[in-house]
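Trainee: Sharing a structure below in structure tokens format, with a few things to ask.
The values are calculated or read from the model by the stated rules, or taken from the named source; none is laboratory data. Note that the structure is predicted; figures quoted are calculated from it, not measured. Cβ placement follows ideal geometry from the backbone for every residue including glycine, while neighbour counts extend to all protein chains displayed.
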Amino acid sequence: MLVAVLVGVLGDGGPAPPLPGIGRPPRAGDPFAYAPAREAVFEARAAAGSANVLFAKSPGGVLATAARVAGFRRLIDAAAAGSGVDPGTLEAIVFVESAGRPDVIAGTDPSAAAGLTQILAQTGQALLGMHIDLVRSRQLTRSIDDAYARGEAGLLARLQRARAKVDDRFDPRKALAATVRYLQLARGRLGRSDLAVVSYHMGIGNLLRVFGDYDGGGSVPYAQLYFDTAPGHHATAYDLLSGFGDDSSLYYWRVLEARTIMDLYRSNRVALIRLAALQGAAPSDAEVLHPPDRTPSFGDPDALSAAYADRTLLPLPANVARLGLAYDPGIGSLAPRLGAPAALYRGLRPPVLDLLVELAARVRALSHGSAPLTVAGAVTDARYQQLLGAGDPLASTGWSFQIARRYASRAQALALQAMLDRLQALNLIAWTRAPATIEVTVASDAARVIVDGP
């Protein structure tokens, strides 16, 4: 899909506004539909699109977590040897589950997930044959908390060793062996290694329920299950999959990304340090999609006008009703203070416009309604950002837009959320939620994906 426009020429009296453009509606069909022949591409995109949380929540930072996890690699290799479980995947599970901390508990009570691989006490006892004296483990955990609060390092270490003897989950060797047993059991039940990893967080029973609603119970690659379900396609399976708490549907992608992080930690630490800096610069991976030091921005209204002239920027389409869009009248409202027309601030880069039009069309189709999405912000420049008192480095690049959080119905809101989640999983956007708007940053390859598929 392309957006056809007429562009104004520069005038002598200052920046000339672009002439209104006409946007072509998207082609029929879903350009983001799953393609079995491209399973690996979908997996890679989903891993990259799910990366930010690993960087944001790694205790001490992602490099510190990678260092802790790498310290267990010898035990990981030993646990996986001869089991059919990939040691790199097992290591990634350690990264995601505990960040390499063998004594961590998900909460305060050791009945919850605990240890290097975060095993529930009930699962460890009933399914994995682990020795877990929960009464004694609780007693020792209280003593450990007291010793930690008092700063008694020697006593703390002794108590932790004692707990590992009565609760196998706190013994890294035994925890890893139990996780391998689980993955073997799950693979036997589900028929695939990727599904075994998914079930480690979601549960075998829950995953089987999703498959029951998807295709009657047969196993397919997780990438197919995830990307081939949507509010309007295999809707019951989608509702189940997206309804599990704690981001269970994203767990496999995070494991894949954790494996990439560990590979970078060993092979290209400089690249990992840069990636960590980009991921840490914003509450999304927007700066990974467009690193500020490599992404041209617009300094002032004259730069915007020149960008319209050479088609680096295109005006927002005028035929909004047909495209399922509306524009907030406040877009560009500060332009007169810069001696510029507001229309200069009502445009985007071509791939961003393509994705915006596609997003609006998909939200309409999924919500079965005609109400438009309201665009609340588009391209700015550095001087306009100064007037706003903002410091967003991507706002003046034309790669982002804002959608107003005003919805005609709950169905429209849910459809937008579903599309944001899907596009992020395809690593086509990064998005964050503000009180009144949703900020969407679009990947540079969005137009190609819309035409050719992921």
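Trainee: Test residue 116 against the stated conditions and say whether it is assigned to a loop (DSSP other than H, G, I, E, B) and more than 30 Å from residue 212 (Cβ to Cβ).
Mentor: Numbers: assigned to a loop (DSSP other than H, G, I, E, B): yes; more than 30 Å from residue 212 (Cβ to Cβ): yes.
Yes, satisfied.
Trainee: Still on this model: If residue 42 passes every condition in (1) more than 30 Å from residue 229 (Cα to Cα); (2) modelled with pLDDT of 95 or more; (3) not in a loop (DSSP other than H, G, I, E, B) but one, which one does it miss?
Mentor: Failing condition for residue 42: (1).
Trainee: Using the structure shown, decide if residue 366 is part of a helix (DSSP H, G or I), modelled with pLDDT under 95 and within 28 Å of the chain's Cα centre (by Cα). Walk me through it before giving the result.
Mentor: On the way: part of a helix (DSSP H, G or I): yes; modelled with pLDDT under 95: yes; within 28 Å of the chain's Cα centre (by Cα): yes.
Judged against the criteria, residue 366 is a match.
Trainee: Given 384, 407, which one is surrounded by 18 or more Cβ atoms within 10 Å (Cβ to Cβ) and closer than 22 Å to residue 19 by Cα? Give the steps one after another, and end with the answer.
Mentor: Values: 407 fails: closer than 22 Å to residue 19 by Cα.
Within the list 384, 407, the selection yields 384.
Trainee: Going by what's in this entry, would residue 83 be described as within 24 Å of residue 192 (Cα to Cα) and part of a loop (DSSP other than H, G, I, E, B)? So that I can check it myself, show each step before the final result.
Mentor: Details: within 24 Å of residue 192 (Cα to Cα): yes; part of a loop (DSSP other than H, G, I, E, B): yes.
Yes.
So that you can scan it fast, the table gives a plain yes or no per residue for (1) small (Gly, Ala, Ser); (2) farther than 22 Å from residue 393 by Cβ:
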site: 297; (1), (2): yes, no
site: 304; (1), (2): no, no
site: 324; (1), (2): yes, yes
site: 331; (1), (2): no, no
site: 340; (1), (2): yes, no
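Trainee: From the list 323, 359, which one is of a type in the set (A, V, I, L, M), within 18 Å of residue 24 (Cα to Cα), out of contact with any Gly (no Cβ under 7 Å at 6 or more places or on another chain) and touching a residue at least 60 places away in the same chain (Cβ under 8 Å)?
Mentor: 359
Trainee: Can I ask one more? Conditions first: (1) more than 36 Å from the chain's Cα centre (by Cα); (2) in contact (Cβ under 8 Å) with a residue 24 or more places away in the chain. Residue 139 passes all but one, so which condition is the exception?
Mentor: Unmet for residue 139, out of (1) more than 36 Å from the chain's Cα centre (by Cα); (2) in contact (Cβ under 8 Å) with a residue 24 or more places away in the chain: (2).
Trainee: Out of all the residues in the stretch 18-39, which are in a loop (DSSP other than H, G, I, E, B) and among the small types (Gly, Ala, Ser)? So that I can check it myself, show each step before the final result.
Mentor: Going residue by residue through the stretch 18-39, those that are in a loop (DSSP other than H, G, I, E, B) are 18-20, 24-35.
Within the stretch 18-39, 28, 29, 33, 35 meet the criteria.
Trainee: Does at least one position in the stretch 104-112 carry a residue that is touching a residue at least 60 places away in the same chain (Cβ under 8 Å) and not small (Gly, Ala, Ser)?
Mentor: Filtering the stretch 104-112 down to residues touching a residue at least 60 places away in the same chain (Cβ under 8 Å) leaves none.
No, that holds for no residue.
Trainee: Ok, one more. Show me the helices (runs of 4 or more DSSP H) found entirely inside the stretch 148-217 where at least 1 residues are over 30 Å from residue 233 (Cα atoms).
Mentor: Details: elements: 153-166, 172-190, 193-202, 204-215.
Result: 153-166, 172-190.
Trainee: Kindly provide the set of residues from the stretch 320-331 that are out of contact with any Lys or Arg (no Cβ under 6 Å at 6 or more places or on another chain) and within 14 Å of residue 346 (Cα to Cα), ordered by number. Give the derivation first.
Mentor: Going residue by residue through the stretch 320-331, those that are out of contact with any Lys or Arg (no Cβ under 6 Å at 6 or more places or on another chain) are 320-323, 325-330.
320, 325, 326, 327, 328, 329, 330, listed by residue number.
Trainee: Test each condition in (1) among the polar types (S, T, N, Q); (2) surrounded by fewer than 16 Cβ atoms within 10 Å (Cβ to Cβ); (3) in contact (Cβ under 8 Å) with a residue 40 or more places away in the chain for residue 117 and report the one that comes out false.
Mentor: (2)
Trainee: Same structure again: Filter the stretch 335-363 down to residues that are among the charged types (D, E, K, R), in contact with a helix residue (DSSP H, G or I) (Cβ under 8 Å, 6 or more places away or on another chain) and buried (at least 18 other Cβ atoms within 10 Å of the Cβ), then give me how many there are. Even if it seems obvious, please write down each step before you answer.
Mentor: If we filter the stretch 335-363 for residues that are among the charged types (D, E, K, R), which is where we start, we get 337, 346, 349, 354, 358, 362.
Those still in the list that are in contact with a helix residue (DSSP H, G or I) (Cβ under 8 Å, 6 or more places away or on another chain) too: 337, 354, 358, 362.
Add one more test, that the residue is buried (at least 18 other Cβ atoms within 10 Å of the Cβ), and what stays is 354, 358, 362.
Residues meeting the conditions: 3.
Trainee: Tell me, which residue of the stretch 421-439 that is small (Gly, Ala, Ser) and closer than 18 Å to residue 247 by Cβ is nearest to the chain's Cα centre (by Cα)? Step through it out loud before you land on a result.
Mentor: Within the stretch 421-439, the first condition is being small (Gly, Ala, Ser), and the residues that meet it are 425, 430, 434, 436.
Okay, now just the ones that are also closer than 18 Å to residue 247 by Cβ, so 425, 430.
Details: 425: 6, 430: 8 Å.
So the residue we want is 425.
Trainee: Against the condition under 22 Å from residue 20 (Cβ atoms), at pLDDT 95 or above, of a type in the set (Ser, Thr, Tyr) and surrounded by 22 or more Cβ atoms within 10 Å (Cβ to Cβ), how does residue 327 come out, does it pass? Working first, answer last.
Mentor: On the way: under 22 Å from residue 20 (Cβ atoms): yes; at pLDDT 95 or above: yes; of a type in the set (Ser, Thr, Tyr): yes; surrounded by 22 or more Cβ atoms within 10 Å (Cβ to Cβ): no.
For residue 327, the condition - under 22 Å from residue 20 (Cβ atoms), at pLDDT 95 or above, of a type in the set (Ser, Thr, Tyr) and surrounded by 22 or more Cβ atoms within 10 Å (Cβ to Cβ) - is not met.
Trainee: Consider residue 207 carefully, then state whether it is surrounded by 23 or more Cβ atoms within 10 Å (Cβ to Cβ), out of contact with any strand residue (DSSP E or B) (no Cβ under 8 Å at 6 or more places or on another chain) and over 30 Å from residue 453 (Cα atoms).
Mentor: On the way: surrounded by 23 or more Cβ atoms within 10 Å (Cβ to Cβ): yes; out of contact with any strand residue (DSSP E or B) (no Cβ under 8 Å at 6 or more places or on another chain): yes; over 30 Å from residue 453 (Cα atoms): no.
When the stated conditions are applied, residue 207 does not pass them.
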